[in-house]
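Below is one structure, written out as structure tokens; comments come after it.
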Amino acid sequence: MTSWAAPVTINIVDVAGNLALTQDAIEGYQKKHPELISKINFTKAPAPELPGKLKAMQGAGRSDIDMVLTGTDFLAAGIEQGVLIKVLPEYASKFPNLTANYQPAAAKMQELAHDYGVAVTFMPAGPLVEYNPDKVKQVPTTPAELLAWCKANPNRLIYARPANSGPLSSRMVLGLPRAARDDRASQTRRCAQACWRRRSIVTSSSG
């Protein structure tokens, strides 16, 4: 085990609402190992703003963020902007049998980290589309059908607008162009444009 001169303070930023699931465990580790960690500071931030903030802080040589709890949205942006360090294989000894300990779907999620992070929570979540069967007689079953339904039924779709990552931002909005086989989504530089074009349809149709 690495020998520290003195217990350290760790600053953790949550951009995905993950602390609701993990804060007790993190604080429990600090209490169990006060010789390693003297204090943990938790803050929250919007996922889209953090990559640029980290880039600026690191460029100025004064970054005080040690760990980020995130979904795939910040993770992808953080890797692209070069503000993250690789966890694996450099620290693989700290996570013995990591992949073997995951359920199959969670292991697939871990692959998305490209070794820059470790999946700590996983669930086969949505987004889920709920509807009133008395009013929606022809239920959309594909992304293309959902977009067509939004156009044909303006102001009838309602969705939450999370400040951070969530099913809408990291799955629905980013996934719609690819699932709808939008050609522009196959090119990284044009993917964002395709995402926002699809989002504008849903947003304008939901009021």
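Of (1) closer than 19 Å to Phe122 by Cβ; (2) among the hydrophobic types (A, V, I, L, M, F, W, C); (3) exposed (fewer than 15 other Cβ atoms within 10 Å of the Cβ), Ile85 satisfies all except one. Which?
For Ile85, the exception is condition (1).
Please list, ordered by first then second residue, the pairs with beta carbon atoms under 9 Å, 6 or more apart or interchain, first in segment 84-96 and farther than 22 Å from Val13 by Cα, second among the aliphatic types (A, V, I, L, M).
Filtered contacts from segment 84-96: Ala92/Leu98.
Can you tell me how many residues in segment 97-136 are among the aromatic types (Phe, Trp, Tyr) and assigned by TED's automatic domain parsing to the domain that holds Ala77?
So the count comes out to 1.
Name the pairs: first residue in segment 118-147 and under 19 Å from Ala106 (Cβ atoms), second residue part of a loop (DSSP other than H, G, I, E, B), Cβ to Cβ under 6 Å, at least 6 apart or on different chains?
Val118/Val87
In this structure, is Ala47 loosely packed, with under 14 Cβ neighbours inside 10 Å, of a type outside the set (Ser, Thr, Tyr) and out of contact with any Pro (no Cβ under 8 Å at 6 or more places or on another chain)?
In short, no.
Can you give me the number of residues within segment 50-62 that are over 21 Å from Met109 (Cβ atoms) and buried (at least 18 other Cβ atoms within 10 Å of the Cβ)?
The total comes to 1.
Of the numbered conditions (1) surrounded by fewer than 15 Cβ atoms within 10 Å (Cβ to Cβ); (2) in a helix (DSSP H, G or I); (3) charged (D, E, K, R), Glu35 fails exactly one; give the number of that condition.
Exception for Glu35: condition (2).
Scan segment 63-72 and give yes if some residue there is of a type in the set (Asp, Glu), farther than 20 Å from Ala119 by Cβ, surrounded by fewer than 14 Cβ atoms within 10 Å (Cβ to Cβ) and in contact with a strand residue (DSSP E or B) (Cβ under 9 Å, 6 or more places away or on another chain), otherwise no.
Yes, segment 63-72 has at least one match.
Condition test on Leu88, is it under 17 Å from Ala119 (Cβ atoms), touching a helix residue (DSSP H, G or I) at 6+ places or on another chain (Cβ under 7 Å), part of a loop (DSSP other than H, G, I, E, B) and aliphatic (A, V, I, L, M)?
Criteria not met by Leu88.
The values are calculated or read from the model by the stated rules, or taken from the named source; none is laboratory data. Predicted model only: the values in this text are computed from it and were never measured. Every residue, glycine among them, receives a Cβ derived from its backbone with ideal geometry; neighbour counts consider all protein chains shown.
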